[in-house]
Amino acid sequence: MEKITIEMPLVSQCDVSSCGYNVNDTCHAKAITVGDHFNPGCDTFFEGSKHNKETKRIAGVGACKVGTCKYNNDFECTAENIIVGFSKHEINCLTYAI
């Protein structure tokens with residue numbers, strides 16, 4: 001299998017323990033997608049049993065669809081890293097800023 005290496009911001013912390021990718025407050029998906037046009041939600045979230053057995057890998061931010069965020073450049077995140085957690089009752093990128 002061919003693999004690529006891409007530099008992207010890491011998900012430095014995820015407080016959503018019910019997500020299948022979350023192990024010990026760390027996201028272990030290969031990469032996550034943030035938001036829709038208006039909401040900085042974690043589109044990769046799914047509730048369920050632990051999906052990922054690879055706990056050495058830490059997720060990166062593959063795409064951000066929230067064009068109004070100051071860290072968004074051509075729908076890619078430019079923040080050093082992000083934190084995912086609850087904002088009100090939604091699972092969001094807490095690094096999102098206008």
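Counting only Cα atoms, the chain measures 37, 35, 19 Å along its principal axes, largest extent leading.
A protection proxy built from the mean count of other Cβ atoms within 10 Å ranks the segments 2-13, 18-29, 81-92, most packed first, as 18-29, 81-92, 2-13. Per the Debye formula on identical point scatterers at the alpha carbon atoms of region 1-49, with no solvent, log10 I(q)/I(0) at q = 0.29, 0.31, 0.32 Å⁻¹ is -1.15, -1.22, -1.26. The DSSP beta bridges internal to the chain are antiparallel in roughly 60% of cases. 3J(HN,Hα) couplings calculated from phi for region 23-35 with the Karplus curve 6.51 cos²θ - 1.76 cosθ + 1.60 (θ = phi - 60°) are, in sequence order, 10, 6, 6, 10, 8, 10, 5, 5, 7, 10, 10, 10, x Hz; Gly and Pro show x.
Only the coordinates and a few stated rules stand behind these numbers; no lab work does. Everything numeric here is computed off the predicted structure, so don't read it as measured data. Quick reminder, even Gly has a Cβ in these numbers, built from the backbone with ideal geometry, and neighbours come from all protein chains shown.
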